[in-house]
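Since the structure comes first, as structure tokens, the remarks are kept for the end.
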Amino acid sequence: MKRKYIYIPVFILLFTLFVVSMNNTAFEFNHLLSGIQWASLIPAAFLMASVPGANQILSLRNGLRKGATTAIIAVTGRFTAFALMVIAVSLGLHAILQTSTLIFTIIKWAGVLYLGWLGIKTILSSKKEYEDEQMSGSENQGESRNAWHYAKQEFMVAAANPKALLLFTVFLPQFISSDTVAAGGQILVVGAVYILIEFICATIYATIGGKLKTIGLSGRVKQNLDRITGGIMIALALWLSTSKSEAP
């Protein structure tokens with residue numbers, strides 16, 4: 001199986017888990033949907049998804065380096081991590097985090113270290129990246145081959161970011177009813193809606209990066225943009241390190 005198709009069975013598995021979870025829910029589907037505060041959820045989700053966090057900055061950077069197509073393909077890694085989080089929360093992950101500060105602290109510092117390392121690596125590799133582009137004479141060379149690499153990177157950033165976990169354990173549950181019977185199914189629904197909205201925003205970031213790539217920016221400008229991206233990632237890591245190490 002080619003690498004670019006590796007996420008097909010993953011998404012089939014996630015969809016199967018979603019269907020099984022919905023079929024095991026003892027309530028009507030209409031009741032599930034009516035218990036969600038759609039008027040508040042949609043604008044709040046767009047606001048959260050559009051804020052330039054670690055993954056959106058990564059989409060912008062990937063678009064700048066390899067083009068919008070590769071950056072958009074790469075976000076499948078992010079949404080695989082998000083989908084796993086949504087399923088875990090619907091199955092009771094929130095309750096586990098409430099009783100284990102240690103687990104949340106481990107997740108938090110894994111995210112801090114990974115984001116910090118990725119930011120430093122981005123800054124240090126920026127010069128060589130664009131020197132290699134100029135020597136090869138083709139910026140689009142190997143774009144499809146590299147999509148897998150960037151998808152893995154998107155997955156790691158999303159999975160290691162405790163703020164992404166808090167999004168699904170604290171933020172999204174605010175928009176569902178207090179009906180404990182329906183809560184699991186509602187989490188799956190609002191999680192799927194948020195992922196769709198996140199995809200729209202990620203596509204915009206990737207497209208902006210792709211446009212910047214095609215307008216003929218000089219290597220020095222691209223290097224500076226990459227260094228800014230790395231600096232933002234380091235700043236996000238520092239911010240995460242100073243946030244409370246408490247489970248939601």
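The values are calculated or read from the model by the stated rules, or taken from the named source; none is laboratory data. All values reported here derive from a predicted model rather than from experimental measurement. Don't worry about glycine lacking a Cβ; one is built from the backbone with ideal geometry, like all the others, and counts go over all protein chains shown. Each accessible area value is taken on the protein alone, full model and side chains, heavy atoms only, with ligands, DNA and RNA left out. Shrake-Rupley method; radii C 1.70, N 1.55, O 1.52, S 1.80 Å.
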>> So if I check each of GLN174, GLN141, GLN153, which one is of a type outside the set (A, V, I, L, M), part of a helix (DSSP H, G or I), at pLDDT below 85 and open to solvent by 10 Å² or more (accessible area, probe 1.4 Å)?
In response: GLN174
>> Pairs needed: first member in the range 44-62, assigned to a helix (DSSP H, G or I) and open to solvent by 10 Å² or more (accessible area, probe 1.4 Å); second member anywhere, modelled with pLDDT of 90 or more and of a type in the set (S, T, N, Q); C-beta distance under 7 Å; at least 6 residues apart or different chains.
In response: none
>> Just to be sure I understand the filter: pairs with C-beta atoms under 8 Å, separated by 6 or more residues or on different chains, first member in the range 189-201 and touching a residue at least 40 places away in the same chain (Cβ under 8 Å), second member not in a helix (DSSP H, G or I). Which pairs pass?
In response: VAL189/ILE36; VAL190/ILE36; VAL190/ILE176
> Pairs under 6 Å by beta carbon, first residue under 10 Å from GLY63 (Cα atoms) and open to solvent by less than 40 Å² (accessible area, probe 1.4 Å) in the range 202-220, partner at pLDDT 85 or above and of a type in the set (Val, Ile, Thr), six or more apart or different chains?
Replying inline: THR203/ILE72; ALA206/ILE72
>> Name the residue that is surrounded by the fewest Cβ atoms within 10 Å (Cβ to Cβ), counting only residues in the range 64-81 that are touching a Lys or Arg at 6+ places or on another chain (Cβ under 9 Å) and within 22 Å of ALA237 (Cβ to Cβ).
In response: LEU64
